[in-house]
Amino acid sequence: MSMEQELREKAKELLSSGKVKVVIGYGEGSIPIKSTPIFVKTPEQADCLVLNPTCTNNLTVYLPQAVKSGPVAVVAKPCEVKNIVELVKENQIKREDVTVIAVSTPGILNDAALAEFDLLDVKKISWKADGVAVTTSQGDTVIPRDAAFQKKCLSCTAAQPAIADIKIGDWAERAPLQDKFADVEEYEKLSAEEKRAFWAGQFSKCIRCYACRQACPGCYCNECFVDKNGQIWASKDTGAESNWFFHMTRMMHTAGRCTGCGECERACPMGIPLSLMGKKMSLLVKELFGTQPGESMEDAPVFGCYQTNDPDPCPE
Amino acid sequence: MTEQEERTEQVETKENAGWEPKLIGFLCNWCSYAGADLAGSSRLKYPPNMRVVRVPCSGRVNPQFVMKAFERGFDGVLVAGCHPGDCHYSKGNYYTRRRLMLFKEFLEFMGIEPERFKFDWVSAAEGQKFAEVVGELTESVKRAGPFEGVCKR
Amino acid sequence: MEAKVIAKQDISAWLSSLAEKMEVLAPVEDGGVIRYRPLGEGEMNLNFSGPAKSLRDHFTPETETLFRYKYEGLKAELEESPAEEHDRLIFGVRACDAAALKYVDAVYSMVEPRDEPYFARRERTTIVGLFCNNPAWSCFCTEVGNFLTNPQEMDAGLTDIGDKYYAEAYTAKGEELLSAAQFEPAGAEDAAAVEKVKQKALSRLPAKGAHEEACLSYNWDSPIFPELAEKCLGCGVCAYSCPTCHCFDIQECAQGKKGSRFRCWDTCQFEKFTLMGHGHNPRPSKKERTRQRVFHKFKYSIERYKMLGCVGCGRCISACPVNIDIHAVVAELEKPAPASEGVNNE
Ligand code: SF4
Ligand code: SF4
Ligand code: SF4
Ligand code: SF4
Ligand code: SF4
Ligand code: FES
């Protein structure tokens, strides 16, 4: 049975048994190069679920809202299961309200991989043993893995998820094809001045559409600090400095929650490398506090706890 | 953009000869602020570059305070609170320690020199230490030079 | 005026000579996104099938200071922002983006006084278009005005015909531009080449006709909106990438005894856009908000300005992180459906 069929079967079971009210998964997009989030509510609709290399969205972003109308099942890739772990630990959702359908895929397509194709002519995108097959009127072209997949997928080990109710796909641990932090290391070679110049360039592009925030499962606040009108921390002007303030704060708020799912960067229409910051945060959290976002249900949220022997600014 | 123009203006004024670092310090009411008082009443000599903001506990210090200070062009920032174990509210400084230890590293990642941010413990009895901490920060900020803003253009 | 041609290698010489007289902006690639920047600020890229950013920020900047103030005691000083005073030319504008200006003109002149900062920029800007040879998957200009064959608001328009551009002027300003030394009269084979290129481009676009009629009977209670609302993230990508979106907010930035008031972009997709001071929100959920964007473009604009508010550039479609496709939404709304009495005023 293909992963897709298996998923449909499981979704049908969950819905017909009444265990969940809705299954959040992927459906066909408006064109074969895209898929789109769908909310499946009846067993019949489960046949609309798809699973292919275009299934990129992090669907866990919908959970805090969705659980309000009853128990939910959600399709989540390994990095996204970690977002669920954090949402549960931070009391945004209850574990018993979510059925986690953990799917380990070979990898998700990065949009740039299609640059050479006439997108109007792409009929289908599917997984092949060594990469992704793009079907056009000319037949199939296979894009090799390292060109086809998103960076986060190339560095994924598909490690066992901390929580999962249903597991689909190949969960054998695999060797990452790329070093996850290569870009962080490269960036850190810059001098302080160069770093600030780099971000000045990046943040001057930001148009404050807040897609990064809206797409992020860690940004679940009812009212974001930047939307407050009475107490203005980050001015709404789009000068690089105000944008810096917005992003710095967002990074501090998602520290310890950011699982490196990459949705913020993917959603950003201005191509700002937001995950560079997120990745550094996760390295720092590991180095200073020894935890990793979403890897265990036991660790307390990183800023919601302390140890008396935490790293100290002036150790005796 | 006024914000922008003002920042440029600040940087330009700094580049004039005789620049003296402008520092801001967030001091816990129960210890570091009293420590600063003691330093003053004991007539200890330390650089006069710091404006002090008194906070009820170092736990009150939101990293945004520090960001705002840098965004508005301060050359250096100090956060000081009671020693671990001595917080008036028993654990405020433990929480802030986690936040600020991470934040300090992150600032560096974003290109803000570690010389510009100091985070330390000063008790009410440590007038001497307070003077030293301010002296050290002033010196290290002087070495780093005038701050050109959170984003370099 | 007769059509001209210009060799591709002469484009940069021509633009540089123009740059002596005015600011010249062109699409440049910058960190993976294409946007209009002053010439020289990056590599010019003319092979795009849709720049990430429209021209919007060049006419209504994301942040636009309206005035600054200072006060001391009871004495206050106010300083208005000066009107735009330099001429500029924007090169390589897509036909849809140029057409969008016509719509935005209508918006900003609907009530007196018209929006002076906008028109000051508008009147000092010359638009040189570049027609699309290779429309993107998300484009549908053929359904909303056919701008490839019916250009709007361009002073001149170029078409890539291989090693040269075929150029036509549509205004006196445009004619003057094309009288530069780098241009020569087009021959019959150039005209034939253009025809071929146009046909090929059109074959990539939907063949369906105009929407105007159908729009007026869109169903206010269509089940599609609750569906969109479920997956819409409520970000501003669609509106902020749209060349006809124009909503703004007015904010203030105060620092001690001085400050400024500025306007900045805002969008109906944000929850707070319609939130009233006393707590009521007439568009309380994403259902109302997604409907607003679609209805504003396709329905209210016809009622108000007698033209569609969408130029079919497809940006909101390709940029939406959850693949909400306004073209598909509109098609759904126009499907013959059991008639239902809709209330349709906001
Ligand atoms: S900050 Fe970005 S990478 Fe991190 S969890 Fe949020 S969306 Fe994912
Ligand atoms: S998605 Fe990109 S452009 Fe939009 S607010 Fe975030 S960083 Fe800025
Ligand atoms: S339609 Fe798409 S781009 Fe627009 S607000 Fe919703 S998620 Fe964002
Ligand atoms: S609504 Fe979408 S397709 Fe229409 S003009 Fe705006 S961005 Fe382009
Ligand atoms: S669609 Fe929304 S943001 Fe765009 S112009 Fe209309 S009301 Fe404004
Ligand atoms: S009271 Fe001084 S740090 Fe908490």
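The values are calculated or read from the model by the stated rules, or taken from the named source; none is laboratory data. A quick note: this is a predicted structure, and the numbers were derived from the prediction, not measured. With ideal geometry, Cβ positions are generated from the backbone for all residues, glycine too; neighbour counts draw on all protein chains shown. Protein only, heavy atoms only, side chains kept; ligands, DNA and RNA dropped before computing areas. Shrake-Rupley method; radii C 1.70, N 1.55, O 1.52, S 1.80 Å.
Which residue fluctuates most in the GNM of chain C (Cα springs below 10 Å): C:V33, C:V111, C:V144?
Fluctuation is largest for C:V111.
Using the Cα centre of region A:51-106 as the reference point, and only Cβ charges (+1 on K/R, -1 on D/E), how large is the resulting charge dipole? Debye, rounded to the nearest 20.
It comes to approximately 20 debye.
To the nearest Å, what is the center-to-center distance of region B:83-151 and region A:142-215, using C-alpha atoms only?
Region B:83-151 and region A:142-215 have Cα centres separated by 31 Å.
Taking R0 as 51 Å, what FRET efficiency do you get between B:E132 and C:E79 from their Cβ-Cβ distance, rounded to the nearest 0.05?
0.65
Wrap a convex hull around the Cα atoms of chain A, take a quarter of its surface area, and give that in square nanometres.
19.0 nm²
Could you work out which residue, out of B:V122, B:V133, B:V52, moves most in a Gaussian network model of chain B, that is, has the largest mean-square fluctuation with Cα springs under 10 Å?
Among B:V122, B:V133, B:V52, the largest GNM mean-square fluctuation belongs to B:V52.
Averaged over A:262-270, how many beta carbons belonging to a partner chain fall within 10 Å of each residue's beta carbon?
Mean partner shielding for this stretch: 5.
Across region B:28-144, how many lysine pairs, 8 or more positions apart or on different chains, have C-alpha atoms separated by under 26 Å? Please give the number.
16
Going down the table (A:K41/A:K94; A:K10/A:K89; C:K21/C:K306; A:K205/C:K257; A:K228/C:K257), which pairs top 28 Å between alpha carbons? Don't skip to the answer; put the middle values down first.
Values: A:K41/A:K94 20 Å; A:K10/A:K89 26 Å; C:K21/C:K306 37 Å; A:K205/C:K257 30 Å; A:K228/C:K257 22 Å.
Listed pairs above 28 Å: C:K21/C:K306; A:K205/C:K257.
Just want the answer: with Cβ charges of +1 for Lys and Arg and -1 for Asp and Glu, which residue in A:T42, A:G107, A:S137 is farthest toward the dipole's positive end in chain A?
Projecting each Cα onto the dipole axis, the largest value belongs to A:T42.
Given q = 0.09, 0.17, 0.21 Å⁻¹, what are the Debye log10 I(q)/I(0) values for region A:179-316, with equal point scatterers placed on the Cα positions and solvent ignored?
These q points yield log10 I(q)/I(0) values of -0.30, -1.05, -1.40.
Cα atoms only, region C:213-333: Rg and Dmax in Å?
Over region C:213-333's Cα set, Rg and Dmax evaluate to 15.9, 55 Å.
May I ask you to work out the translational diffusion coefficient for region C:112-235 at 37 °C, viscosity 0.692 mPa s, via Stokes-Einstein with Rh from the Kirkwood sum over Cα pairs, reported in whole µm²/s?
182 µm²/s
For peptide C:228-238, compute the average count of partner chain beta-carbon atoms within 10 Å of each residue's beta-carbon. Mind dumping the intermediate values first?
Working: counts 0, 0, 8, 10, 2, 12, 4, 10, 7, 11, 3.
Averaged over the peptide's residues, the number is 6.
Across peptide A:219-226, what mean number of C-beta atoms from other chains lies inside 10 Å of a residue's C-beta?
Across the residues of A:219-226, the mean count of other-chain Cβ atoms within 10 Å is 1.
Report, in deg cm²/dmol and to the nearest 500, the calculated mean residue ellipticity at 222 nm for chain C, where each DSSP H run with n ≥ 4 adds -39500 (n - 2.57) and the sum is divided by the residue count.
That comes out to -8000 deg cm²/dmol.
How large, in percent, is the carbon and sulfur part of the accessible surface of region A:179-316 at a probe radius of 1.4 Å?
The nonpolar share, carbon plus sulfur, comes to 49 percent.
What order do you get for C:197-205, C:249-257 when each peptide is scored by the mean count of other beta carbon atoms within 10 Å, highest first?
Final packing ranking: C:197-205, C:249-257.
Report the label-to-label distance for A:Q5 and B:R54 in nanometres (one decimal), using points 7 Å from each Cα along the Cα→Cβ vector.
7.5 nm
Regarding chain B, what whole-number volume in Å³ per residue does the convex hull of its Cα atoms give? The partial results should precede the final answer.
Values: hull volume 15.6 nm³, N = 153.
So the per-residue Cα hull volume is 102 Å³.
Rg to Rh ratio, region C:265-339, alpha-carbon atoms and Kirkwood radius?
Rounded to two decimals, Rg/Rh equals 1.00.
Taking each pair of different alpha-carbon atoms in region C:4-206 once, compute 1/r for the pair, average those values, and report the inverse of that mean as the Kirkwood hydrodynamic radius in Å to one decimal. Don't jump to the answer; show the numbers that get you there.
Details: mean 1/r = 0.0543 Å⁻¹.
By the Kirkwood definition, the hydrodynamic radius is 18.4 Å.
Let me see the P(r) profile for region A:6-122: every Cα-Cα distance counted, bins of 10 Å, each bin given as a percent of all pairs.
In order of increasing distance, the bins hold 14, 43, 31, 10, 2 percent.
Can you bin every Cα-Cα distance in region A:91-238 into 10 Å intervals starting at zero and give me the percent of pairs per bin, rounded to whole numbers?
Taking every Cα pair in region A:91-238, the percentages come to 8, 22, 29, 29, 12, 1.
In Å, what Rg and Dmax follow from the Cα atoms of chain C?
When restricted to the Cα atoms of chain C, Rg and Dmax are 21.9, 74 Å.
What's the FRET efficiency of C:W220 with C:F119 using the Cβ-Cβ distance as r and R₀ = 30 Å, to the nearest 0.05?
0.30
Please report, in debye to the nearest 20, how large the charge dipole of region A:177-316 is about its Cα centre when each Lys and Arg carries +1 at its beta carbon and each Asp and Glu carries -1 there. Spell out each step's value before the answer.
Values: 15 positive and 20 negative charges, 135 e Å.
For region A:177-316, the charge dipole is close to 640 debye.
Could you give the nm distance between label points at C:A7 and C:E184, where each point is 7 Å from its Cα heading toward the beta carbon?
0.8 nm
Counting Lys and Arg as +1 and Asp and Glu as -1, each charge on the Cβ, what is the dipole of chain C about the Cα centre in debye, to the nearest 20?
Numbers: 42 positive and 52 negative charges, 182 e Å.
About 880 debye.
If one computes the Cα centroid of region C:166-188 and of region A:236-258, what distance in Å separates the two points?
First find each Cα centre; the distance between them is then 48 Å.
Take C:L66 and C:T274, extend 7 Å from each Cα along the Cα→Cβ direction, and tell me the distance between the two endpoints in nm.
About 2.3 nm, to one decimal.
Let me check the size of region A:266-314 from its C-alpha atoms; what are the radius of gyration and Dmax in Å?
Reported Rg and Dmax, both Å: 14.0, 43.
Rank C:L158, C:G145, C:V104 by how far each Cα sits towards the positive end of the charge dipole of the protein assembly as shown (+1 on Lys, Arg Cβ; -1 on Asp, Glu Cβ) and give me just the farthest.
C:V104
Assuming 1.002 mPa s and 20 °C, estimate D for the protein assembly as shown with Stokes-Einstein, Rh taken as the Kirkwood radius over Cα pairs, in µm²/s. Spell out each step's value before the answer.
Working: Rh = 29.2 Å.
Answer from the Stokes-Einstein relation: 73 µm²/s.
Choose one of C:F48, C:A26, C:W14: the residue whose Cα lies farthest towards the positive end of the charge dipole of region C:1-106 (beta-carbon charges +1 Lys, Arg; -1 Asp, Glu; about the Cα centre).
The residue sitting farthest along the positive end of the dipole is C:F48.
Among A:220-232, C:123-135, A:280-292, what's the highest-first ranking by average C-beta atoms within 10 angstrom per residue?
Result, highest mean Cβ count within 10 Å first: C:123-135, A:280-292, A:220-232.
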